[in-house]
Amino acid sequence: RFQLHSTWASLLKRVKLESMSSLNFLSAAVIALLLTAVAQSADGNTDNVARFAGVPGVPGSPGLNGSPGRDGRDGRDGTQSDKGERGEKGMRGPPGLEGRVGGAGPSGTKGEKGSSGRKGDSGKVGPQGPNGGTGLKGSKGEVGAKGAKGQQTEALNWKQCVWKREDDKDTGLIQECRFKKIHGNSALHVAFGGNLRVYCGSGSYCCSRWFFTFNDDECTGPMAIDGVVHKTNTGDNPLRHRQIEGYCENIASGDIRVGFNIGKCSGYSVGDGY
């Protein structure tokens with residue numbers, strides 16, 4: 001025991017000598033007391049050692065970090081715990097990159113008919129197309145509504161004169177028909193329909209003329225109303241139906257004697273009229 005104390009005493013002296021250059025005397029005394037307390041604890045006998053606590057020493061400089069140790073082995077799987085409660089919804093993340101276009105999907109079910117859109121603007125008039133073919137005959141339409149009553153007009157002023165007889169005159173009046181003309185500024189329409197013929201002698205050429213007169217005068221407004229038949233001797237008898245008609249103006253109103261006549265053609269001999 002004394003030898004251990006002596007050793008510590010000798011160590012204290014060395015500490016003092018070595019520490020004086022960098023530590024003051026108080027620091028050296030604190031270190032000696034700590035060493036003495038350690039020696040007593042190691043010997044297990046503290047009867048002859050003074051019981052008092054020393055002043056804590058100045059902390060030493062941190063040592064260098066040791067090299068990292070090797071990774072330990074994987075631990076065993078722990079026991080499965082009960083399912084925890086659902087956490088709160090997290091914040092929405094940024095948009096992802098645009099994906100590639102996928103393949104065409106199956107056709108969907110037919111949707112409901114949409115509402116009619118607004119009427120578009122009128123387009124430009126296109127060029128005229130070719131004429132189409134004749135269409136089918138349409139069905140008969142309904143009878144229209146009765147029209148308004150028209151204005152009162154004068155009754156038609158007309159007259160018909162008819163005769164049936166053989167007349168072989170070559171010149172002169174054949175038939176006369178009296179007519180009352182109402183207006184002086186109107187035209188008078190006359191017409192003849194019947195069988196006529198002209199016949200010539202052997203080796204001759206003849207002509208007959210049938211014409212209308214008004215009060216024994218031929219029409220001058222605008223010109224005469226007549227029919228001319230030329231004939232050469234061929235031995236035949238050309239009795240045929242013929243129509244002679246026209247309009248005569250510049251005839252005053254009142255009683256008019258309309259005559260149908262036969263005569264010769266200018267420049268020709270008189271034919272055999274019938």
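Okay, residues lined up against (1) touching a His at 6+ places or on another chain (Cβ under 8 Å); (2) over 16 Å from Val229 (Cβ atoms); (3) part of a strand (DSSP E or B):
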| site | (1), (2), (3) |
| --- | --- |
| Arg178 | no, yes, yes |
| His183 | no, yes, no |
| Asn195 | yes, no, yes |
| Trp210 | no, no, yes |
Going through the stretch 240-274 one residue at a time, which ones are in a strand (DSSP E or B) and either among the basic types (Lys, Arg) or more than 19 Å from Asp216 (Cβ to Cβ) (or both)?
Arg240, His241, Arg242, Gln243, Glu245, Tyr247, Arg257, Lys264, Val270, Asp272, Gly273
I'd like to check something: does the stretch 139-161 contain any residue that is outside any loop (DSSP other than H, G, I, E, B) and either touching a residue at least 60 places away in the same chain (Cβ under 8 Å) or open to solvent by 100 Å² or more (accessible area, probe 1.4 Å) (or both)?
no
Within the stretch 81-94, can one find any residue that is polar (S, T, N, Q) and either open to solvent by 100 Å² or more (accessible area, probe 1.4 Å) or not in a loop (DSSP other than H, G, I, E, B) (or both)?
no
Of all residues making up the stretch 171-190, the number that are open to solvent by 60 Å² or more (accessible area, probe 1.4 Å) and not hydroxyl-bearing (Ser, Thr, Tyr)
8
Lys180 passes all but one of the listed conditions (1) among the charged types (D, E, K, R); (2) under 22 Å from Asp272 (Cβ atoms); (3) modelled with pLDDT of 90 or more; the exception is number (2)
Pairs only if they're at least six apart or on different chains, beta carbon under 6 angstrom, first in the stretch 202-219 and closer than 23 Å to Gln243 by Cβ, second at pLDDT below 95 and open to solvent by 80 Å² or more (accessible area, probe 1.4 Å); list them, first residue then second.
Cys207/His230; Cys207/Tyr268
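Whether any residue in the stretch 222-230 is outside any strand (DSSP E or B), of a type in the set (Gly, Ala, Ser) and loosely packed, with under 12 Cβ neighbours inside 10 Å is what I want to check. Give the steps one after another, and end with the answer.
Of the residues in the stretch 222-230, the ones outside any strand (DSSP E or B) are 222-225.
With of a type in the set (Gly, Ala, Ser) added as a condition, the list becomes 224.
Going one step further and asking which of them are loosely packed, with under 12 Cβ neighbours inside 10 Å, we end up with none.
No, the stretch 222-230 contains no residue that is outside any strand (DSSP E or B), of a type in the set (Gly, Ala, Ser) and loosely packed, with under 12 Cβ neighbours inside 10 Å.
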Among the candidates Thr109, Thr46, residue that is open to solvent by 70 Å² or more (accessible area, probe 1.4 Å) and either at pLDDT below 85 or on the phi < 0 side of the Ramachandran plot (or both):
Thr109
When (1) over 30 Å from Glu249 (Cα atoms); (2) outside any strand (DSSP E or B) are applied to Cys206, the one that fails is (2)
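The values are calculated or read from the model by the stated rules, or taken from the named source; none is laboratory data. Since the structure is predicted, the reported quantities are computational estimates derived from the model, not experimental observations. Cβ coordinates were reconstructed from backbone atoms using ideal geometry, including for glycine residues, and neighbour counts include every protein chain displayed. We work out accessible area using only protein heavy atoms, side chains counted, and drop any ligands, DNA or RNA first. Shrake-Rupley method; radii C 1.70, N 1.55, O 1.52, S 1.80 Å.
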